[in-house]
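Engineer: Take a look at this one; I'll ask things after.
The values are calculated or read from the model by the stated rules, or taken from the named source; none is laboratory data. Quick caveat: nothing in here was measured; it's all calculated off a predicted structure. Positions of Cβ are backbone-derived with ideal geometry, glycine not excepted, and every protein chain shown enters the neighbour counts.
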Amino acid sequence: MDQTTELATELAPLDVAALRAAIRAEYAAVSERPEQGFHFHTGYRLAAILGYEQEWIAALPAPAVESMAGTGNPFALGALLPGERVVDCGSGSGADALIAARLVGPTGRVIGVDMTPEMLSKARRNAELAGLPNVEFRAGMLEELPVGDGWGDVVISNGVLNLVPNKAAALREMHRVLRPGGRIQLVDIVLSKAVSEGSRQDVSLWTGCIAGGLLEADLGALVEEAGFVDVRVVRGADVFSGAPQHSNAAEFGTVGAGITARR
């Protein structure tokens, strides 16, 4: 292969369908085989690392916690109030959505959105086990949320935005589903070292929550471009160190981050 062909291969467009299939497969495994261990933390250990209130975790069905994955604690970024409407983008096994449902109370509502069928099935079972009728889970992608315009007061998300190929579209959708004055409380990752175009083609770096990450300034700018104001990106801690499987996160200075803004 000559140099020109090598360069064309390196800069080939990302195969979005293949990427989504790989992400679905990864999180189907987290749903169905949480005990196998991953290159990120999961379950009760993750909840402790991220500083979730113990009483919140104790109130959840065990299957919701065992398949819990994420990079931070969206509830540490601001209180959810009784009666509020919450959209959980990338709701997984339902842990954050169920916590949110208890916080907003019976007069509030929560919609969780996820693209992995196994996670959706598990989250729906967990909602039944928890006895929380004010939460529902819908199939969908962040780039096209199955939620009406201006429905929500708050959008939360936990370690999912970095997995989305078109982050600008996802952020515009978050903006669309919020009422005027509504807010986002997202937790994700930021990088200290940008990922090369070649590395962005590595699906394993995407599923490992690295290749889809952005530098702090770039992430903040993207949120502003989606129409949000009062944007804050706050770097957090290394949430990958000590995971059961090897992670390349340290190579890129990958840390958790909190993102807040208003519509």
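Engineer: Give just the number: which of (1) among the small types (Gly, Ala, Ser); (2) farther than 25 Å from Cys209 by Cα; (3) buried (at least 23 other Cβ atoms within 10 Å of the Cβ); (4) touching a helix residue (DSSP H, G or I) at 6+ places or on another chain (Cβ under 6 Å) does Ala130 not satisfy?
Structural biologist: Of everything listed in (1) among the small types (Gly, Ala, Ser); (2) farther than 25 Å from Cys209 by Cα; (3) buried (at least 23 other Cβ atoms within 10 Å of the Cβ); (4) touching a helix residue (DSSP H, G or I) at 6+ places or on another chain (Cβ under 6 Å), Ala130 misses just condition (3).
Engineer: Something else now. Look through the range 14-42, keep the residues that are in a helix (DSSP H, G or I) and among the hydroxyl-bearing types (Ser, Thr, Tyr), and return whichever of them is modelled with the lowest pLDDT.
Structural biologist: Step by step, filter the range 14-42, then rank; the result is Tyr27.
Engineer: Return the only residue of Ile210, Ile259 being at pLDDT below 80 and of a type in the set (Val, Ile, Thr).
Structural biologist: Every option except Ile210 fails the conditions.
Engineer: Does Val113 satisfy the condition of being closer than 29 Å to Leu222 by Cβ, touching a residue at least 12 places away in the same chain (Cβ under 8 Å), β-branched (Val, Ile, Thr) and touching a Pro at 6+ places or on another chain (Cβ under 9 Å)?
Structural biologist: Considered against the rule, which asks whether it is closer than 29 Å to Leu222 by Cβ, touching a residue at least 12 places away in the same chain (Cβ under 8 Å), β-branched (Val, Ile, Thr) and touching a Pro at 6+ places or on another chain (Cβ under 9 Å), Val113 comes out as yes.
Engineer: Residue under question is Ala79, and the condition is that it be farther than 23 Å from Arg20 by Cα, in contact (Cβ under 8 Å) with a residue 24 or more places away in the chain and not in a strand (DSSP E or B); does it hold?
Structural biologist: Yes; evaluated as a whole, the condition is true for this residue.
Engineer: While we're on this one: Quick one: what pairs do we get from the range 126-154, first residue modelled with pLDDT of 95 or more and in a helix (DSSP H, G or I), second surrounded by fewer than 22 Cβ atoms within 10 Å (Cβ to Cβ) and not hydrophobic (A, V, I, L, M, F, W, C), C-beta under 6 Å, 6+ apart or different chains?
Structural biologist: Qualifying pairs under 6 Å: Asn126/Pro61; Asn126/Pro63; Leu129/Pro61; Ala130/Pro61.
Engineer: Between a first residue in the range 250-261 that is closer than 12 Å to Leu219 by Cα and a second residue that is polar (S, T, N, Q) and surrounded by 19 or more Cβ atoms within 10 Å (Cβ to Cβ), which pairs have beta carbons less than 6 Å apart while being 6 or more apart in sequence or on different chains?
Structural biologist: Thr260/Gln185
Engineer: Looking at Leu81, is it under 16 Å from the mean Cα position of the chain (by Cα), modelled with pLDDT of 95 or more and farther than 22 Å from Val239 by Cα?
Structural biologist: no
Engineer: OK, next. Do you know which residues across the range 223-258 are assigned to a helix (DSSP H, G or I) and surrounded by 19 or more Cβ atoms within 10 Å (Cβ to Cβ)?
Structural biologist: Selection gives Val223, Ala249, Phe252.
Engineer: Can you name the condition, by its number, that Gly51 falls short on among (1) outside any helix (DSSP H, G or I); (2) surrounded by 19 or more Cβ atoms within 10 Å (Cβ to Cβ); (3) not acidic (Asp, Glu)?
Structural biologist: The number of the failed condition is (2).
Engineer: Condition first: in contact (Cβ under 8 Å) with a residue 12 or more places away in the chain and part of a helix (DSSP H, G or I). Can you find one or more residues in the range 185-192 that meet it? Before you say what the answer is, go through the steps one by one.
Structural biologist: Going residue by residue through the range 185-192, those that are in contact (Cβ under 8 Å) with a residue 12 or more places away in the chain are 185-192.
Adding the requirement that they be part of a helix (DSSP H, G or I) leaves none.
No - not one qualifying residue is present in the range 185-192.
Engineer: Please determine whether any residue of the range 43-56 is at pLDDT 95 or above and hydrophobic (A, V, I, L, M, F, W, C).
Structural biologist: Taking every residue of the range 43-56 in turn, at least one turns out to be at pLDDT 95 or above and hydrophobic (A, V, I, L, M, F, W, C).
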